[in-house]
Amino acid sequence: MACDHPRVTDDPLRMYLVIRRGAFEDLARAGELTGAAAVRCVREFAEDEALQRWRPRPGKVVLRARGGQWDEVLETEPHALAGDPDGEAVLALPPRRRSERGPLLERMQAMTSALSPPPSEANDPRPDAVTYLVNPAIEMSSGKTLAQIAHAAVIAADSGDLEQWVAAGCPAQVLRPPRSRFAELCRAPSLAARVEDAGLTEVPPGTVTVLVLPPE
């Protein structure tokens, strides 16, 4: 018998993270707000059935919205917001299948803008913030990097050890440390999260993309 629905394996659930075009110049600030939006979405839509089904394979896609698209998604889509909607901000939409994106999301392009890379060390350390460490040995697009930071943020929040950080809005700093330092920290017992990529895009399976250091 014919089936009108695509196979689940061909149509996975995805959380869509939406960034307004031109809102960010550097990856560090975009990463902080992307992580915060993803955590907020997971918490605010925890009872959503699709989100619960998405949890075992929590794929994320970063989209870029033009001005009119940004206003429309704010008005019409359920979302979690991090930042100032009129300035630097990121929206996280509760998961849905690719086939269920709807015309608005279908018109949006994947995030392709190259943002300024994060610094190698913190110029002004923030003791209340987690630190996302991006692997300096691999090359990832800005959109891929932001999706990996979102993964890291959700893993850290899910640990249950950082509720004060979550309540504070998930403050963070993003760094791209020297290779030797990143390799050393990969083995650190005090990590809040360690992201290994599934290898679907840009990097081989099992690649460690982002580490998270807890607030100090």
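The Cα-based radius of gyration of region 14-111, divided by its Kirkwood radius, gives an Rg/Rh of 0.93. All C-alpha pair distances within region 124-216, sorted into 10 Å bins from zero, spread as 17, 52, 28, 3 percent across the bins.
Ligands, DNA and RNA are left out, and with a 1.4 angstrom probe the accessible area of the chain is 51 Å² per residue. Magnitude of the charge dipole for region 1-140, about its Cα centre and with charges confined to Cβ atoms of Lys, Arg (+1) and Asp, Glu (-1), is about 520 debye. Note: relative contact order over the chain, using C-alpha pairs below 8 Å and six or more positions apart, is 26 percent. Projection of the Cα convex hull of the chain, averaged over all directions and equal to a quarter of that hull's surface, yields 12.7 nm².
How far, in nm, would the chain grow between Glu121 and Ala168 when pulled straight, counting 0.36 nm per residue and subtracting the alpha carbon separation?
Numbers: separation 47, 0.36 × 47 = 16.92 nm, distance 2.29 nm.
Gain on extension, Glu121 to Ala168, equals 14.6 nm.
Please report, as a whole percent, how much of the solvent-accessible surface of the chain comes from carbon and sulfur atoms (probe radius 1.4 Å).
The value for the chain is 48 percent carbon and sulfur by accessible area.
Based on the Cβ-Cβ distance of Glu106 and Ser159, what FRET efficiency does E = 1/(1 + (r/R0)^6) give at R0 = 30 Å, to the nearest 0.05? Computed FRET efficiency for Glu106 and Ser159 comes out at 0.30.
The values are calculated or read from the model by the stated rules, or taken from the named source; none is laboratory data. Just so it is clear, the structure is predicted and the values come from calculations on it, not from any experiment. All Cβ positions, even for glycine, are placed from backbone atoms using ideal geometry, and neighbour counts span all protein chains on display. Heads up: the accessible areas ignore ligands, DNA and RNA and are worked out on the full protein's heavy atoms, side chains in. Shrake-Rupley method; radii C 1.70, N 1.55, O 1.52, S 1.80 Å.
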